[in-house]
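Student: This structure is in structure tokens; I'll ask about it shortly.
No value in this document is a laboratory result; all are computed from the given coordinates. Keep in mind that this is a model prediction, so the values were computed, not measured. Cβ: placed from backbone, ideal geometry, glycine included. Neighbour counts: every protein chain shown.
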Amino acid sequence: MSEDEKIYSILFCGVGGQGSLLLAEITSLTAVRAGYDVKQTEVHGVSQRGGSVETHVRFGAHVWSPVVTPGKSDLVVALEKLEALRFAHFVNRDRGAIVVNDHEIIPGSVSGAAEAYPHDAIRFLQKEGLTVVVLPASQIARDLGDGRMANVVLAGAISSRLPIPEETWLETLRHRIPEKYRALNLMAFAAGRQLAHETVS
Amino acid sequence: MRDEFLLGNQAIARGAWESGVKFASGYPGTPSTEILETLAHYPEVDTRWSANEKVAFEEGMGAAIGGLRVLVTMKHVGLNVAADPFMVFPYAGTNGGFVLISADDPGMHSSQNEQDNRYLARMAKVPVIEPSDAQECKDFVILGMEISERFGTPVMLRTTTRLAHHKALVALGERREVAKREFIADPRLFSVPIYRRQLRPKVETRLEELRSYAETTPINRVEKGDPMLAVVTSGIAYQYVKEVLPEASVLRLGMTYPLPERLLQEFCAGHGVVYVVEEGEAFIEEFMRSIGITNVQGKERFGVIGEYSPARLAEGFGMGQAPPSFSEAIPVMPRPPMFCIGCGHRTVFSALRQLKVTVAGDIGCYTMGALPPYEASHTTFNMGASIGTAIGLESAGQERVVAVIGDSTFVHAGIPALIDAVYNRSQLTLVILDNSTTGMTGGQPHPGTGKSIQGKAAPKLDIAAVCRATGVEMVLTVDAWDRKQVAGAIRKALAHPAPAVVISQGPCQQLPEMKYREFTAYFVDEPLCTQCEACFKVWCPAIIRTDEGFPRINASECTACTVCAQVCPTDAIYPHRETAVMAD
């Protein structure tokens, strides 16, 4: 096994305000808690105003670059379908997968975006031969009472695909989520983890 | 000692605290902002946002010659604003340790240019250190203080975006208090020619000493590896080199000005081709060529534009290309950022679009006024440039010119330009978008907000009074969410035969006092709605169209800004206490 194979690379993407940064941070802190060397990178500033956002997380015995390389990501986690399309080329075709929240947000500042939006993004990615896991994370979060928890549903979904025990994820959540929202978020995590088990591809 | 998962910028703040820094100043700017925001939590440090980078630098300069250890932070273009003191201070030299953080932004994630500030440091004859990960961000601030005091010089610590904005585990240490040095009134501190001519040779002597230091400092180190594969690198690029070529021989330069001539000569003499991997310009590479090293390859392989990455290095080393995006096979439309829902800037750009005026914009969230659907801002250059540019456009014969500037940017660099507008008899209309914060960088207080960086009460600048004091006779303050008031005031200002100012006031929706306030979301009463489309034309992303063609307001996104209700001719939009949270 080469050095590269011992490092897990994950790219999180979505729309500014969807909570992809928090999702990435939960993942990083869980990896830290599990004893890994971890690096994470994102870009702050104007892109957070409803624009496309990406966060890279890498963990393993020793991580050099915080930046994930296209074609080498174990997981691409997309909170939105158009963003899934934008970052799908990061997936490692041999061993990686893309986890997509079945959710659409039309870009507000692009003329004609509503007409041109790629509703068939998931079918396209499947045809390209990628391992695609589609989850209605926003719907599940809404059913639980707050659509903003789609990120935590996705945390649950990816948790079973990474070599970290469930209890470590739960410790991070209990530590990171304010008490007021904790119980609901733990339910969102459990729902995502359960669903991922059912949709193992 | 414990490890914490810190942002490069947070690690810099921690390093400043551990090194005994007592004074820290700066102006917000991506990717530097989080440094002072973090440092503000340490009570031992007098941390403040200054009016602009020049003032921040000068305050730091004063505190350092007054005997304190000082940290000053800014983004790369901020140093252009502070270039005057930055070029002059080194002649005098510092008393207490002085470390300047220059946060460069290759790739222009949130900037108007790419600018490698190592060149400014070389021009100022100031040493440059470049950490390569979060741990070194902390350690190099501490080292920077030592270099600064040992050689009596300000030190530049250069970061780039990925270094500033990556998180990694950092081993924390304790704070070491450093005694205040005595302030000595000395001719050195007096920048007049007679003294400066005496100091000038000393600057060269100091550089010679720093060159010797660069030869032996442990932050410039050789990591022996494959003798056939040699790389010289600095900053975050070091991590990429180790990622892509773990077997290479590496000369890691933690100090990139002045550069270690002998070390570079020796390293290059022992290898065939030596690759130079540095983010930004060919700063190290040019120096190597200038001292006669010929077996160098750098920018011709890796390029000079944008950010580096492991993929880019692999390609430059001929190790194959990373797969391209799928945009060749399927259209992937862009998703540029946009005004937040309920943003008070929206009404201003709606009015400016309708008035078909020429708009000189400025630096802030309102650069997005140039994007669809508003497309109502025509220039943006640098901090405060809106007013001067508008004056020039007017002089060039452009009629009905409007300058648009935010409150923080107005305080930073707009005030002298407004004085100029009055003095030179401009007729421009200036719209100040007063959202009570520095919005684009994430909501930092400034002198116009009445708050300090610690969130405590501070004296509040009266922006309207400042405008009147410059000699502007017409200063109109309006509610940013009142469409008619905003458009009416801009019309009135345009008709005024002298400079006029419209202050559009409405706090940023991202401020905690707005985000977490209690309000009732608005709702469309379908039986009253005639589907006239007026509310769709306010371009609020929270208003969606139902299958039946009615507008529907997403209650979980609505900010109760009321703008859609103002345009509804049948009063079908109003707050509704029973509105359930609807599907988004």
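Student: Gain in length, B:D571 to B:S556, computed as 0.36 nm per residue apart minus the alpha-carbon separation, to one decimal in nm?
Tutor: Values: separation 15, 0.36 × 15 = 5.40 nm, distance 2.13 nm.
Length difference between fully extended and current span is 3.3 nm.
Student: Okay, next question. Spin-label point model (7 Å from Cα, Cβ direction): what's the B:L199 to B:D547 distance in nm?
Tutor: Placing both labels 7 Å along Cα→Cβ, they lie 7.6 nm apart.
Student: Over region B:213-350, what is the mean sequence separation of C-alpha contacts under 8 Å (at least six apart), divided by residue count, expressed as relative contact order in percent? Walk me through the intermediate numbers first.
Tutor: Values: 183 pairs, mean separation 29.2, N = 138.
21 percent.
Student: Per q in 0.16, 0.22 1/Å, what log10 I(q)/I(0) does a Debye calculation on the alpha-carbon atoms of region B:167-250 return?
Tutor: -0.92, -1.10
Student: What pairs from B:K167/B:K242; B:K138/B:K456; A:K72/B:K167; A:K39/A:K72; B:K138/B:K451; A:K6/B:K224 go past 22 Å between their alpha carbons?
Tutor: Values: B:K167/B:K242 18 Å; B:K138/B:K456 27 Å; A:K72/B:K167 20 Å; A:K39/A:K72 16 Å; B:K138/B:K451 28 Å; A:K6/B:K224 24 Å.
From the list (B:K167/B:K242; B:K138/B:K456; A:K72/B:K167; A:K39/A:K72; B:K138/B:K451; A:K6/B:K224), the Cα-Cα distance tops 22 Å for B:K138/B:K456; B:K138/B:K451; A:K6/B:K224.
Student: Helix-only mean residue ellipticity at 222 nm, chain B, DSSP H runs n ≥ 4 weighted -39,500 (n - 2.57), per residue, nearest 500. What is it?
Tutor: On the way: 21 runs with 193 residues, N = 584.
After summing the helix terms and dividing by residue count, I get -9500 deg cm²/dmol.
Student: Where in chain A are the DSSP H helices whose C-alpha atoms run 18 Å or more along the long axis and whose mean Kyte hydropathy is at least 1.0?
Tutor: Values: long enough: A:20-33 (20 Å, 1.18); A:179-198 (30 Å, -0.34).
Those that clear 18 Å and a mean of 1.0 are A:20-33.
Student: log₁₀ I(q)/I(0) of chain B at q = 0.09 Å⁻¹, via Debye over equal Cα point scatterers, no solvent, to two decimals?
Tutor: -0.80
Student: Another question, then. So what's the back-of-envelope 222 nm ellipticity for chain A, counting only DSSP H runs of four-plus at -39500 (n - 2.57) apiece and dividing by all residues, rounded to 500? The partial results should precede the final answer.
Tutor: Working: 8 runs with 80 residues, N = 201.
Estimated from H runs of four or more residues: -11500 deg cm²/dmol.
Student: Quick one, what does Rg over Rh come out to for the protein assembly as shown if you take C-alpha atoms and the Kirkwood Rh?
Tutor: Values: Rg = 27.4 Å, Rh = 28.1 Å.
Taking Rg over the Kirkwood Rh, I get 0.98.
Student: Right, something else. Trypsin sites (Lys or Arg not before Pro) within region B:263-366: which are DSSP loop residues with at most 12 other Cβ atoms inside 10 Å?
Tutor: Details: sites: B:R289, B:K299, B:R301, B:R312, B:R346, B:R353, B:K356; in loops: B:K356.
Counting only loop positions with at most 12 other Cβ atoms within 10 Å, the trypsin sites (Lys or Arg not before Pro) in region B:263-366 are B:K356.
Student: Oh, and also: In percent, how large is the relative contact order of region B:3-216, given Cα pairs closer than 8 Å and 6 or more residues apart? Before the final figure, lay out the partial values.
Tutor: Values: 467 pairs, mean separation 58.8, N = 214.
Relative contact order of region B:3-216: 27 percent.
Student: Which ordering of B:V422, A:V134, B:V45 is given by a fewest-first count of other beta-carbon atoms within 10 Å?
Tutor: Values: B:V422 15, A:V134 18, B:V45 23.
Fewest to most other Cβ atoms nearby, the residues stand as B:V422, A:V134, B:V45.
Student: Continuing with the same structure: How much of the DSSP beta bridge set in chain B is antiparallel, as a percent to the nearest 5? Walk me through the numbers on the way to the answer.
Tutor: On the way: 19 of 73 bridges.
So the antiparallel bridges in chain B amount to around 25 percent.
Student: For peptide B:556-564, what's the mean number of Cβ atoms from other chains within 10 Å of each residue's Cβ? Mind showing how you got there, number by number?
Tutor: Working: counts 4, 2, 0, 0, 0, 0, 0, 0, 0.
Counting other chains' Cβ atoms within 10 Å and averaging over B:556-564 gives 1.
Student: Here's something else I'd like to know. Sequence gap at least 6, Cα distance under 8 Å: using those rules, report the relative contact order of chain B to the nearest whole percent. Mind dumping the intermediate values first?
Tutor: Values: 1250 pairs, mean separation 60.0, N = 584.
Relative contact order of chain B: 10 percent.
Student: Now for a separate question. Using only the alpha-carbon atoms of region A:3-198 as identical scatterers, what base-10 log of I(q)/I(0) does the Debye formula give at q = 0.10, 0.11, 0.12, 0.14 Å⁻¹?
Tutor: For region A:3-198, the Cα-only Debye profile gives -0.37, -0.45, -0.55, -0.75.
Student: Pull up the cross-link candidates among the lysines for B:K356, meaning alpha carbon to alpha carbon under 30 Å and not fewer than 8 places away within one chain.
Tutor: Qualifying lysines at Cα under 30 Å: B:K484, B:K492, B:K537.
Student: Here's another thing I want to ask about it. Over region B:336-454, what is the percentage of antiparallel beta bridges among all DSSP beta bridges, to the nearest 5? Working shown, then result.
Tutor: Values: 1 of 10 bridges.
If we restrict to bridges inside region B:336-454, about 10 percent are antiparallel.
Student: Next question, about the same structure. Provide A:V152, A:V133, B:V401 in ascending order of the number of other Cβ atoms located within 10 Å of each residue's Cβ, fewest first. Can you show the working numbers first?
Tutor: Working: A:V152 30, A:V133 20, B:V401 24.
Sorted ascending by nearby Cβ count, the order is A:V133, B:V401, A:V152.
Student: A further question follows. Using alpha carbons only, what's the Rg to Rh ratio of region B:345-514 with Rh from Kirkwood? Each step should come with its number before you reach the end.
Tutor: Details: Rg = 14.7 Å, Rh = 15.6 Å.
Radius of gyration relative to Kirkwood radius: 0.94.
Student: Pick out, in residue order, every one of the trypsin sites (Lys or Arg not before Pro) in region B:466-557 that is DSSP loop and has at most 11 other C-beta atoms within 10 Å; say none if there are none. Provide the component values of the computation, followed by the final result.
Tutor: Working: sites: B:R468, B:R483, B:K484, B:R491, B:K492, B:K515, B:R517, B:K537, B:R545, B:R552; in loops: B:R517.
For trypsin sites (Lys or Arg not before Pro) across region B:466-557 that sit outside H, G, I, E and B with at most 11 neighbouring Cβ atoms in 10 Å, the list reads B:R517.
Student: Among the lysines, which fall within straight-line cross-link reach of A:K127, defined as a Cα-Cα distance under 19 Å, with same-chain neighbours fewer than 8 residues apart omitted?
Tutor: The qualifying lysines are A:K81.
Student: Further, regarding this structure: Looking at the protein assembly as shown, what % of its DSSP beta bridges pair antiparallel, to the nearest 5? Could you put the intermediate results ahead of the total?
Tutor: On the way: 36 of 103 bridges.
Antiparallel: roughly 35 percent of the beta bridges in the protein assembly as shown.
Student: How would B:F381, B:F302 line up from fewest to most surrounding beta-carbon atoms within 10 angstrom? Kindly include the intermediate steps, with their values, before the conclusion.
Tutor: Numbers: B:F381 15, B:F302 22.
Ordered from fewest to most neighbouring Cβ atoms within 10 Å, B:F381, B:F302 come out as B:F381, B:F302.
Student: Give the aspartates and glutamates whose C-alpha is closer than 15 Å to that of B:K180, dropping any in the same chain fewer than 8 places away, or say none.
Tutor: Of all the aspartates and glutamates, those that pass the test against B:K180 - Cα under 15 Å, at least 8 places apart if same chain - are B:E44, B:D46, B:E146, B:E149.
Student: Loop-only check: which GluC sites (Glu not before Pro) in region B:32-92 are DSSP coil with at most 16 other Cβ within 10 angstrom?
Tutor: On the way: sites: B:E34, B:E37, B:E44, B:E53, B:E58, B:E59; in loops: B:E44.
Here the GluC sites (Glu not before Pro) that fit, given the DSSP loop and packing criteria, are B:E44.
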